[in-house]
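As structure tokens, the structure follows; a few thoughts come after it.
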Amino acid sequence: MKRLSFLLVSAFVSMASYADTTTPSVDYPVDMTSRIVNPNFDGIQFGGWGGSSFGAGGATAECAERFNMVYYTYQTIEGLPNGIYKVLVNGLYRAGSFANDWATKDDVSVRHAKLYAASGASSFSCSLPSLSSGATDTIPGVTVDGDLQVPNSMVQFVTWQEAGYYLDNSVMIAVENGSLKIGVRKDVLIDADWTVLDSWRLLYSAPSSSPKGSE
């Protein structure tokens, strides 16, 4: 009897633990990334993304870029459970030339490229980090100060990304009526500015109506 009781308690604890990891919550979000078309730009494919088309040039890799232009690129996802979602993307923004980006690396007002999410009447956004925020002396790229270097191509961006730079820029938003628009936009042009993106993710955090946003 004691053995049976122990087994029943163990089974109950296991079931409770499983429920904790499959019910949407901030600690245990449900990964809904599969609802995004081309979240990782595999094969350098940009299908599913509307507005200003993503591009790839120079030393290409499986990510997306925009160079020297204003843009508004987005994707609308339908049929989602209503609730709180976190939208994430890896990416950076170079404010014009390497020298200008380095000089303005701490100036939020020139970080014009923004990740955004919108649902119903609500929208939230956050600026992508400056190119110079990832300056390092451990990866070869373009020198910006002394031994510090930064990426200058999609291929080099992937190398920085794999080393842990420019990751998980995010916003949170309450989805209404099952519809969520995600994307990036830039309304201001600095000559020769550059945006590069990869690895979108969508996490369902809670069936709640109290969004947390950025900026």
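The values are calculated or read from the model by the stated rules, or taken from the named source; none is laboratory data. Only a predicted model underlies this, so the values are computations on that prediction, with no experimental measurement involved. Cβ atoms come from the backbone with ideal geometry, glycine included; neighbour counts cover every protein chain shown.
What to note about this one:
- Considering residues of segment 160-173 that are surrounded by fewer than 22 Cβ atoms within 10 Å (Cβ to Cβ) and hydrophobic (A, V, I, L, M, F, W, C) only, the residue nearest to residue 116 (Cα to Cα): 172
- The lone exception for residue 144 - which of (1) within 23 Å of residue 49 (Cβ to Cβ); (2) buried (at least 16 other Cβ atoms within 10 Å of the Cβ) it fails: (1)
- Test: residue in segment 142-159 that is within 18 Å of residue 34 (Cα to Cα) and among the acidic types (Asp, Glu): no
- Applying the set (1) closer than 30 Å to residue 78 by Cα; (2) in contact with a Phe, Trp or Tyr (Cβ under 8 Å, 6 or more places away or on another chain) to residue 161 leaves exactly one unmet item: (2).
- Hey, residue 138 assigned by TED's automatic domain parsing to the domain that holds residue 80 and surrounded by fewer than 19 Cβ atoms within 10 Å (Cβ to Cβ) or not: yes
- Some residue of segment 107-114 being surrounded by 18 or more Cβ atoms within 10 Å (Cβ to Cβ), in the same structural domain as residue 43 (by TED's automatic domain parsing) and under 14 Å from the mean Cα position of the chain (by Cα): yes
- The condition of being surrounded by fewer than 19 Cβ atoms within 10 Å (Cβ to Cβ), within 18 Å of residue 72 (Cα to Cα) and of a type in the set (Val, Ile, Thr) holds for only one of 182, 190, that being 190.
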